[in-house]
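A short reminder: the numbers here are calculations on the coordinates, not readings from a lab. The structure presented is a predicted model; accordingly, all values stated were derived computationally and were not measured. Every residue, glycine among them, receives a Cβ derived from its backbone with ideal geometry; neighbour counts consider all protein chains shown.
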């Protein structure tokens, strides 16, 4: 997902971090985040931790989410831990 976002953001000459944060905020508010693959949690770990430090709702959304795939639980718990949740 991050790779898919980079090209159009660059082509539109937008701020990559701001667009990444905007997409993450929107995605965390959807039920489909629970079904994400481990690659999502790996790719976005640092971005989620950074976003959590500036947006209190991120931690709440992360706590409301419980991944459905057992293979993602450790990665998700790592993100929660890094966020101080």
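Given the -39500 (n - 2.57) contribution per DSSP H run of 4+ residues, what per-residue ellipticity at 222 nm results for the chain, rounded to the nearest 500 deg cm²/dmol? Intermediate results must be reported in sequence, preceding the final value.
Details: 5 runs with 58 residues, N = 85.
Computed ellipticity for the chain at 222 nm equals -21000 deg cm²/dmol.
With axes computed from alpha carbons, what is the tilt in degrees of helix 16-28 against the longest principal axis of the chain, rounded to the nearest 10 within 0 to 90? Compared with the principal axis, the helix lies near 40 degrees.
Cut-off is 10 Å between beta-carbons; in what order do 79, 66, 49 appear when sorted fewest neighbours first? Please list the in-between numbers first.
Working: 79 23, 66 11, 49 18.
Ascending Cβ contact count within 10 Å gives the list 66, 49, 79.
As a rough footprinting exposure proxy, the listed residues 19, 64, 3 were ranked by other beta carbons within 10 Å of their own, and the order from fewest upward is 3, 64, 19. Give me the Debye-computed log₁₀ of I(q)/I(0) at q = 0.13, 0.17, 0.20, 0.23 Å⁻¹ for the chain, equal point scatterers on Cα only, no solvent, two decimals. At q = 0.13, 0.17, 0.20, 0.23 Å⁻¹ the computed log10 ratios are -0.39, -0.66, -0.90, -1.15. Inter-label distance, residue 46 to residue 63: 2.7 nm, where each label sits 7 Å from its Cα along the C-beta direction.
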